[in-house]
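Here the structure is laid out as structure tokens; the discussion comes afterwards.
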Amino acid sequence: MTLSDQEDYEILSSPYAIIMEQIITQSTSTSSSTFIPNIPQHEKELYAFQQENVFLLGNSKIQYALSLNETTGKLSVLHWGPVVSTMSHRLPYDDSVSGGDEYSSIYTDFPIYGDGDDREPALKLSCCGSGVRSFDFRYKGYTVQSGKKGELSSSSSSSLPCTYSEQDHESKTLIVELYDEKSNIEIQLFYTIFRAFNVIARHVEIINHGDQQQDAVSIERIASWSMDLPPSPHDEGYSFLQLQGAWAREAQEIWKKVDPGKYVVSDMEGSQVHRANPFIAVADGPISEESGIVCGLSFVYSGAFQSVLQLNQMGLLRVNMGMHPDMFQWKLEAGESFVSPECVAVYSNNGLGGMSRDFHRLYRTRLARGYWRDRPRPILLNTWEPFQFDFMHETLVNLAKSAQGTGVELFVLDDGWFGHRNNSDAGLGDWYPNKTKLPRGLKGLSEDIRALGFDFGLWVEPESVNPDSNLYRTHPEWAVEVPGLAGIQMRGQLLLDLTSEQVQDYIINVMIDLFSSANISYIKWDHNRFISNPFSRSLPPDRQQEFSHRYIQGLYRIIRTLTAKFPNILFESCGGGGGRFDPGMLAYMPQSWASDDTDVEERVKIQWGFSNVYPLSMMGAHVSAVPNHQVGRISDWASRAALAHFGTFGYELNMLNFSLDEKKQACVDSKVHLSIRHLVHEGNLYRLRNPYKSNWPGWMCVSPQSADEAIVFVYQRLKHTREMVPAFLLKGLDATKKYVVMKLPNDETITCTVYGGDELMTRGMIVKFSHDFEGYLYYACEAEKYRELSSVFSTIVPASE
């Protein structure tokens, strides 16, 4: 290697250059040579190129490096992390003693089954004609592209959502081509680096260049991300975070230490992610919210997934993520190509908080898209908890009248408005108004609701059907049932076969007619069951294993078509609660219902868990009735509202039964949310105290540009006698500024305290609690800004009678 003296490159001082030339010359004859990245000065903010036998991607903060063995044509991971000045080629074992470890201790970037590596493969293929499952993929070439589209497509499958860039200068994508001569199969590995995010986005495309029928191959497993991490240099070693759960108990944080062996994080529901969210975070050494090294992986997909962590005998940790191999197989015919979903990886040496804030900024601005991406979300009132299935036109209008003056902006009619829908066992699939309940139809109802000053929203569940429905009686073949076996029902319903284009087209056309039938501003897209007995009458026997992935592809086609047709409608995803809280749905629907459990004690953990990956602009959170419908707990209004403010905010309450004081309280909290929702939507999130470790969890959002505003949520789980008064160390503020801090909502006498930013971040904010399950919302702003806003906040007090 010679040091370049071209004008574009940094010029190293002569003595240093001479020393480094000597070191490099000596090291080239050994297996542990050192590579020195030579990055053009004008490209240091964003680059992707080849230097010697190394591919480099990076920005001003992170680097990803791949090393090419020119003899074998294989790729290995050289570096993934912060920008470094040198990269040494390391072996994790004593190469003077042979024992086969050299095959299973390579830092492989994309391991393929049958190449001598006994660890978890990223790709497993088999030739349909010969049954051969071992291949020799070697480097063929590479290209670099500027910019990135928001859809992944291939010849044999429908488009998949992915992250994107709005301008070409925002990102670069390295595409590395591998090729196996005997099978005529090509693999394209895609790596995207963004200028503004500490992120690498990856996906894989398989291309069958064969021209004969017998050249078909079966893709038995494919991971979108795989990499080998070196033995940890920290005594604590590796650990990982997963978000597991169930209905009404989503996104529960679970940490595990990585010892030798294999760990699997997965969800096989196929079309929901209650059991495990498609995310893991791998920590190297000690980790906290704002310090430590962590890599987060998030899968942009709404179906069955699997992530495997495998620590081998030499201390190497392999981590991969992709579609679940038990729910996936794909026959790739000659001349076809197949593309995997995208996996997004965030590298942070600023702890979990740094990881989360990168995910939030990326997903909020470069995964979510469309009209509602950057707009504040309306405060809504949902009819489910007040009425469930039991309502008439008049009761709905009366409920809307009762909400006047409370700050509600959007009235949402939930389940029960269509077909013969008086319970969950009938009517699903018959998407026309129940004339007994709604004699003037949706159009007449929406007109009455809008005349009262509200936008109108609607609940739908288009992916399922009740056997007791006209749709099922007309088209029983459209339901997912194995011939000769009774269909497995959940909530009294079967899935529709979304692998069939005929079914997809039917749903698209029916929804277009429905959404056009009234002035609809919002759609809640629900999905209350998962894939349990996958079978399609439209697929041949050798493609039945493709059902689950084809179902998700069909779903994406439907919602991509509808959201494009109705760009001004706000779509919210729901999956029996948080079962559709995933990046794939976020690409089309900018908010998602986090959980059917709205109890404040339960929701603190749920919203904390989801915040590891997802922006608060996505977090559906409402104030609901007490005793809580899921756990029966009673908590005060102020605590429920304080928590719901850190989401899209709304109400699940029967306002017909409101007292005057309750109506005033709703009005006050709506005013509060209107004044702070810009911080919820755009602010930088800092988690303060962990609900899994502390009796006093909390978090805060800080204005992203100048740290001149912040909102803070603090909470006490249980009250104890003679216990200490907790302090909350705030984060993300400007230590040089003075902040006015107040509790919201205020009482008649507004009490403000002035703190230095340095005191709030080093000594903390002391909060006195009085009872169990008690939460507060605080607002802090720079003193000068408070003078501008004082007139606004003086109005956020209960109105006099």
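The values are calculated or read from the model by the stated rules, or taken from the named source; none is laboratory data. These figures come from a predicted structure and were not determined experimentally. Note that each Cβ is placed from the backbone with ideal geometry, even for glycine, and that neighbours are counted across all protein chains shown. Ligands, DNA and RNA are excluded from the accessible area calculation, which covers all protein heavy atoms including side chains. Shrake-Rupley method; radii C 1.70, N 1.55, O 1.52, S 1.80 Å.
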- Task: Mind checking which aspartates and glutamates have their Cα closer than 14 Å to the Cα of Lys663? Skip sequence neighbours fewer than 8 apart in that chain.
- Result: Glu652, Glu801
- Taking 0.36 nm per intervening residue step and subtracting the Cα-Cα distance, what contour gain separates Cys128 from Val725 on full extension? 208.1 nm
- Note on the structure: With Cα coordinates, the longest principal axis of the chain makes an angle with the long axis of helix 441-451, in degrees rounded to 10, of 80
- Task: Enumerate the residues in segment 69-84 having an amide nitrogen under 16 Å from the point lying 7 Å beyond the Cα of Gln51 toward its Cβ.
- Result: 78-84
- Message: Report, in listed order, any pair from Lys74/Lys140; Lys719/Lys768; Lys671/Lys743; Lys737/Lys785; Lys671/Lys719; Lys149/Lys172 with a Cα-Cα distance greater than 18 Å.
- Response: Lys671/Lys719
- Task: Just need the relative contact order of segment 609-738 here, percent rounded to a whole number, with Cα pairs under 8 Å and 6+ apart.
- Result: 18
- Task: May I ask you to give the percent of accessible area on segment 424-481 that is carbon plus sulfur, with a probe radius of 1.4 Å?
- Result: 52
- Query: For Thr395 and Lys565, what is the calculated FRET efficiency with R₀ set at 45 Å and r taken between the beta-carbons, to the nearest 0.05?
  - Reply: 0.90
- Dividing the mean separation of Cα pairs under 8 Å (6+ apart) by the residue count of the chain yields a relative contact order in percent of 9
- Accessible carbon and sulfur surface of segment 657-725 relative to its total accessible area, %, 1.4 Å: 48
- Per residue accessible area in Å² of segment 224-364, where ligands, DNA and RNA are left out and the probe is 1.4 Å: 27
- Between Lys435 and Leu485, what length comes free when the chain is fully extended (0.36 nm per residue of separation minus the Cα-Cα distance, one decimal in nm)? 14.5 nm
- Keeping every protein chain in place, order Met490, Met227 by accessible area at 1.4 Å, biggest value first, i.e. largest first. Met490, Met227
- Message: Given all pairs of different Cα atoms, what value in angstroms does the Kirkwood hydrodynamic radius of segment 583-679 take?
- Response: 14.0
- segment 286-310 and segment 327-399 have their Cα centres apart by a whole-number Å value of 18
- Query: Stretched out fully, how many nm does the piece from Val264 to Thr736 gain, at 0.36 nm a residue minus the Cα gap?
  - Reply: 165.3 nm
- Query: Which residues in segment 658-693 place their backbone N less than 13 Å from a point set 7 Å from the Cα of Arg633 along the Cα-to-Cβ direction?
  - Reply: 691-692
- For segment 427-520, report the accessible area per residue in Å² (1.4 Å probe, heavy atoms, rounded to an integer). 39
- Message: So for each of 145-152, 653-660 I average, over its residues, the number of other beta carbons within 10 Å; can you give me the resulting order with the highest mean first?
- Response: 145-152, 653-660
- With DNA, RNA and ligands ignored, accessible area of Thr71 (1.4 Å probe; Å², nearest 10): 120
- Taking the Cα-to-Cβ direction at Arg543 and at Thr71 and moving 7 Å from each Cα, how far apart do the two end points lie in nm? 4.5
- How do Glu546, Glu290, Glu784 stack up against each other in accessible area, from largest to smallest, with a 1.4 angstrom probe? Glu784, Glu290, Glu546
- Query: If packing is taken as the mean number of other Cβ atoms within 10 Å per residue, what is the order of 714-722, 370-378, highest first?
  - Reply: 370-378, 714-722
- Note on the structure: Share of accessible surface on carbon and sulfur in segment 157-311, whole %, 1.4 Å probe and ligands ignored, is 47
- Item | Helix 600-610 vs. the chain, principal-axis angle (Cα, 0 to 90°, nearest 10) | 30
- Query: What accessible area per residue comes out for segment 528-592, rounded to a whole number of Å², with a 1.4 Å probe?
  - Reply: 25
- Task: List the residues of segment 218-253 whose backbone N lies under 20 Å from a point placed 7 Å from the Cα of Lys182 along the Cα-to-Cβ direction.
- Result: 218-221
- Item | Angle between the chain longest axis and helix 660-682 axis [Cα atoms, degrees, rounded to 10] | 20
- Item | Principal axis dimensions, the chain - Cα atoms, whole angstrom, descending | 87, 70, 50
- Simple spin-label estimate for Leu656/Lys257, 7 Å along Cα→Cβ, in nm, reads 5.8
- Compute the distance in nm between two label points, each set 7 Å from the Cα along the Cα-to-Cβ direction, one at Lys61 and one at Glu501. 4.4
- Which of the GluC sites (Glu not before Pro) found in segment 637-746 are loop residues per DSSP with 12 or fewer other Cβ atoms within 10 Å of their Cβ? Glu723
- Task: Give me the accessible area of Asp455, 1.4 Å probe, in Å² rounded to the nearest 10.
- Result: 60
